[in-house]
Amino acid sequence: NWPQALAILRRNQDCFTPRDASSNRARVWAYIEQPAVALAFFDDAARFGTLCPVDQQMYLTCVVLAGRSQEFLERAREILRGATEPREVLVAAEVLFKVAAESESIDVLREAIRAAERGLVLAEQGDASAPVHDLVSARVNVALAYDLLNQSEQAHRECAAALEIAPDDHKVLALQCYLNNPEFPPGQKQSYRNRLQRSTYLLDPQAARHS
């Protein structure tokens, strides 16, 4: 019951440090799908020191859900420079993918691919695992990006990797259908690509808590 949790935090905010009080309220607002409000509290928490990795991840997820990717592009880049956790890198990469789509910037698109591939490597090599839906979303985004760059072999490679992770995922199956259908008219192809990319990251309290 997140509204009740929020009420408890408000009544007992003197029991926490200012940073923890703002961070806790930010998380609750994120869980009840109010990303813009959550961002305000995360920003307040950041006044008292660097956000912890879990909060950084949730912060960037809220950025995407609030439709403010362009505004926070440099923040995502800053986080990427110091990020070591797979999910933190993947969520920051998602911000770059959103900016690339909105600005139609090939340079940002290539930057997003590099960031996502780095996050996937960290997920494979590190001790901390990223949630499956993050890995699938990253693979789908990278595949679509390579397709946009007319690099068909790499796009199919990423699709195959996504199928290994989640062979029954509807998004991955749709991607496979899309890549294997050369008859898509250009306008329909762009529309289909946009639908596949939409809402690739959803707030996952359990994933954030254990990542």
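The values are calculated or read from the model by the stated rules, or taken from the named source; none is laboratory data. Because the structure is predicted, anything quoted here is derived from the model rather than measured. Using ideal geometry, Cβ is built from the backbone for each residue, glycine included, and neighbour counts are taken over all protein chains shown. Areas reflect the complete protein model, heavy atoms only, side chains present, ligands, DNA and RNA absent. Shrake-Rupley method; radii C 1.70, N 1.55, O 1.52, S 1.80 Å.
Filter segment 23-46 for residues that are in a loop (DSSP other than H, G, I, E, B) and either touching a strand residue (DSSP E or B) at 6+ places or on another chain (Cβ under 7 Å) or touching a residue at least 12 places away in the same chain (Cβ under 8 Å) (or both); which is surrounded by the most Cβ atoms within 10 Å (Cβ to Cβ)?
The selected residue is Ile32.
Quick one: in segment 61-107, of everything that is assigned to a loop (DSSP other than H, G, I, E, B) and over 20 Å from Gln34 (Cα atoms), which residue is least open to solvent (accessible area, probe 1.4 Å)?
Filtering segment 61-107 for residues that are assigned to a loop (DSSP other than H, G, I, E, B) and over 20 Å from Gln34 (Cα atoms), the one least open to solvent (accessible area, probe 1.4 Å) comes out as Ala83.
I'd like to check something: does segment 115-126 contain any residue that is under 19 Å from the mean Cα position of the chain (by Cα), open to solvent by 80 Å² or more (accessible area, probe 1.4 Å) and under 14 Å from Glu88 (Cα atoms)?
Yes, segment 115-126 contains at least one residue that is under 19 Å from the mean Cα position of the chain (by Cα), open to solvent by 80 Å² or more (accessible area, probe 1.4 Å) and under 14 Å from Glu88 (Cα atoms).
Taking only pairs six or more apart or across chains, which ones have beta-carbon atoms under 7 Å, a first residue in segment 48-72 that is aromatic (Phe, Trp, Tyr), and a second residue that is open to solvent by 10 Å² or more (accessible area, probe 1.4 Å) and in a helix (DSSP H, G or I)?
Within 7 Å, the pairs are Phe48/Pro18; Phe48/Arg19.
Would you pick out the residues in segment 128-161 that are assigned to a loop (DSSP other than H, G, I, E, B) and touching a residue at least 12 places away in the same chain (Cβ under 8 Å)?
Listed by number, the residues that qualify are Ala128, Ser129, Ala130, Pro131, Leu149.
Going by what's in this entry, would Gly49 be described as within 30 Å of Asp168 (Cα to Cα) and either small (Gly, Ala, Ser) or not in a helix (DSSP H, G or I) (or both)?
Criteria not met by Gly49.
From the list Glu124, Glu117, pick out the single residue that is without any contact (Cβ under 8 Å) to a residue 12 or more places away in the chain and either in contact with a Phe, Trp or Tyr (Cβ under 9 Å, 6 or more places away or on another chain) or closer than 19 Å to Val172 by Cβ (or both). Write out each step before concluding.
Working: Glu117 fails: without any contact (Cβ under 8 Å) to a residue 12 or more places away in the chain.
Going through Glu124, Glu117 in turn, the sole match is Glu124.
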